[in-house]
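Down below is the structure, laid out as structure tokens.
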Amino acid sequence: MAATPANPELRPPVNPNRPRRRGGTVEGRQRLRDGATGVLVHLVLVIVAVIVIYPLMWVVGSSFGPGGGLANATPIPENATFDNYLHLFTQTNYGRWYLNSLYVATLNMIGSVTLSALCGWVFARIRFRGRKASMLGILILQMFPSFLTAIAVYMLFLNFGLLDSLTGLALVSIAATLPYNTWLMKGYTDNLPASLDEAAAIDGASRLTIFRKIILPLMRPMLTFVAITSFTMPWMDFILPRLLLQSSGKQTVALGLFQMITDQYSNDFTTFAAGAVALALPITILYIVLQRHLVTGAMAGAEKG
Amino acid sequence: MTTTETPELPSPARTPRGPERARPGLPTPVPGLASALVWGAGQLINRQVGKAAFFFAFFAGTVLWEIVSGNYYAGMEFTPRSNGGFFVRGLWGLFTLGTQPREMTLTGLTEGDNSIVLMANGLIALLTLALLAIVWIWSVRDAARYRAALNGGGQTEASGAYFGRLWEGAFAYIALSPGLILLVFMSVLPVLFGILVAFTDYSRDNLPPKNLVGWVGLENFATIFTVPSWAATFGGILVWTLVWAVVATVTTYAAGLLIAVLLASKRVKFPRMWRSIYLLPWAVPAIVSALVFRSMFNGQFGPISQWLVDVGLTDERVYWFTDPTSPNLARGVALLVNLWLGFPFFMALVGGVLANIPDSYYEAARIDGAGPLQQFRYITVPIVQRTVTPLIILAFVHNFNNFGVIYFLTEGGPDNVDYRFAGSTDLLVTWLFKLTLDNRLYNIGAVMSLVIFVIVGSISVLNLNRTKAIREL
């Protein structure tokens, strides 16, 4: 239905120098009006930029601020200091939470990429009995919002005494996104030429060899997309860890930050700000650097339903 | 499990005595019926010993498992609770949810039945039985079909050849099995479990192992839809959730489109720089931004209230998210914050589409005398819309379930006295979360889960019908 086919080649989304809508006249008055419009456009851009940047500057500034309370948080602190970061990593459990998140994120990334690539490829390339039924099942599972399963998982884990395990959290996270990721991988593999597999099969390559040596390298863009999303998800996810983790040594960063801001609301704001910046910085850089992959991946996902 | 059969193995095809040996006169349903009673019996009648052994192994395994895991002795009174094995006790538990509550006796606390554990075990037993039923149907169909083929003059096929064929086709199943097992235990089982809980009285007043949970039929649904205080909460929250989802989606899309069009204009200096700045709200984790906004809009200490007082716009501090008298203020601010969070994604998307619209379209329009507004209205918007529509629908679903923004920003506040366990900005999702985690009303929460699933599911189905996913199945 969509106008652009799911293109395996990632293309740059914007060509900034693309000529467009040249103001067709050379009259002086017209030029003046163009100039005025230009100024107006830039005025709008500046206002939007300020709105976008101010909250971020405010929290970064606060994280270097000497104060402590929310009331004296400013975007540009007068006596900038690293005390808040020192305090964060020495006086709170933040370092522990960070490692926990890293553990869950790594496990989630490895599990999601491996399983979804394998399943997606099988669905795309092999015809077997029950294929349609299982794909339909996956499609329905994917519609079930993941936190709904999370709440049921919570009740189950609660009664079987399985709560408070980081590995358990990672497994639930992998399962929660597996249907969607499998669809992504399947859609992507569908667009890879089948002649490559056939040629390799004629040369006597086994199916697993074809998958590893031919398909996987071609799936790189989609693998990257799934890897980034599944690596960053545990850092930001709140519902699953909130339900499945309990003891303070087992929290993830998102949980810890939320507690910081609700527990000691106004008197320890700068420590929270430092924690927020420490969480946001790596992810923000990752997103900005890999934005093309992420936007194209999201498009492909929507086209595939 | 492949070759156990000696006489037929060397020549599966074109043996003149084949049909004879397999008793051609037998009517088709007989082997099928035999297999239905004792798995593999039909295959035995068909003279396929290997297959017969294969199916019988499943049958024997099931029975053996049940006997070993239960307490079966001769001459003892049988009750599923104390004697049943994996399957019988499992199904008993699923149906009754336990019969013996925990009691205080002379010897101490007795071990009562834990209804929820019983229910989960029963589900696992049921799922296992469902898988076994597939094997059973397979065996019955195989026996009948093979006989039908023989009677129709077909050739015999040795079990070995059959399993060889099967093994060839099994690669897909083996490759899928790790993902499948994970999904069954971490998604399918919980989903089924969640559905079942909606029909029980599992809540904070009735927690196992202290109490027994029982089936209550549709009582929970009746509670939500007919008890006035619940119905009012549900209705109010549903309306606000829909308003939120529509407005949030429309505003982010419109803003993203406008900014993208602005940035594509030739007049803009340094478009890349602007674009990078505007992408920041998308790149920064939403939980961080939402918590930052929560602090900025803090009524007591937040800088925005302070600034308004300093400038003189308001006489006293504005309690954005905690003032029960102005729920719409909190709602409006939440929508604005969501706009900040959401527009960059659409900006990036639309930017990508705009880059691919050929200039000739605009040139042709100009020749026909179309102004910039008309070009925007009749060229840009339709083309963008066509590509981005699936994502708009996805965004709608996402906003419908936008736990993050609401929970981190307002925690559902300000309080609403007319609502049960919910505030004025609570969406269905955050209400569900509070019901389950803070108030431990698991049964009502499960009903809410189903309601949300039905709403989200129907939107997704509508969306799917438009996309090629279904047709490509």
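Any read-out appearing in this document is the output of simple, stated calculations on the displayed coordinates, not a laboratory observation. Since the structure is predicted, the reported quantities are computational estimates derived from the model, not experimental observations. Cβ: placed from backbone, ideal geometry, glycine included. Neighbour counts: every protein chain shown.
A few notes on this one:
- Seen against the Cα atoms of chain B and their longest principal axis, helix B:171-183 is set at about 60 degrees.
- In chain B, Cα pairs under 8 Å separated by at least six residues give a relative contact order of 15 percent.
- Distance from region A:203-218 to region B:108-164 (C-alpha centre basis), Å: 34
- Listed residue pairs exceeding 28 Å between alpha carbons, taken from A:Lys186/A:Lys213; A:Lys250/B:Lys434; A:Lys132/B:Lys434: A:Lys132/B:Lys434
- Using the alpha-carbon positions of region A:199-305, Rg (one decimal) and Dmax (whole number) come out as 20.3, 70 Å.
- Degrees separating the helix B:86-96 axis from the principal Cα axis of chain B, which is the longest one: 50
- Dimensionless Rg over Rh [the protein assembly as shown; C-alpha; Kirkwood]: 1.04
- Range in chain B, longest, excluding exposed GluC sites (Glu not before Pro) [loop by DSSP; at most 15 other beta-carbon atoms within 10 Å]: B:112-315
- Angle in degrees between helix B:159-169 and the longest Cα principal axis of chain B, rounded to the nearest 10: 10
- Looking at chain B, the pairs of alpha carbons with a distance over 42 Å make up 47% of the total.
- Range in chain B, longest, excluding exposed trypsin sites (Lys or Arg not before Pro) [loop by DSSP; at most 11 other beta-carbon atoms within 10 Å]: B:270-473
- In sequence order, region A:182-191 has phi-based couplings of 5, 4, 4, 5, 4, x, 5, 5, 3, 8 Hz under the Karplus curve 6.51 cos²θ - 1.76 cosθ + 1.60, θ = phi - 60°, and Gly or Pro positions carry x.
- Signed unit charges on C-beta, dipole axis of the protein assembly as shown, positive-most listed residue A:Cys119, B:Pro209, B:Ala283: A:Cys119
- Cα-based shape type of region B:221-472, given that a ≥ b ≥ c are square roots of the gyration tensor eigenvalues and the cut on a/c is 1.5: oblate
- In chain B, helical runs assigned H by DSSP with n ≥ 4 each contribute -39500 (n - 2.57); averaged across all residues and rounded to the nearest 500, the mean residue ellipticity at 222 nm is -20500 deg cm²/dmol.
- Whole-number Å³ per residue for the convex hull built on Cα positions in region A:34-86: 85
- Converting the Cα gyration tensor eigenvalues of region A:93-303 into ellipsoid dimensions via √(5λ) gives semi-axes, longest first, of 36, 20, 14 Å.
- More than 17 Å apart - percent of Cα-Cα pairs taken over region B:304-384: 67
- Relative contact order [Cα under 8 Å, 6+ residues apart], region B:18-197, whole percent: 26
- A Cβ-based charge dipole, computed about the Cα centre of the protein assembly as shown with Lys and Arg at +1 and Asp and Glu at -1, lands at about 2780 debye.
- Kirkwood Rh in Å, taken over region B:18-197 so that all alpha-carbon pairs contribute: 19.3
- Seen from A:Ala49, the other residues with C-beta closer than 14 Å to its C-beta sum to a net charge of +3, counting Lys and Arg as +1 and Asp and Glu as -1.
- Per-pair calculated FRET efficiency, R0 = 56 Å: B:Ala232 and B:Ile134 via Cβ, rounded to 0.05: 0.75
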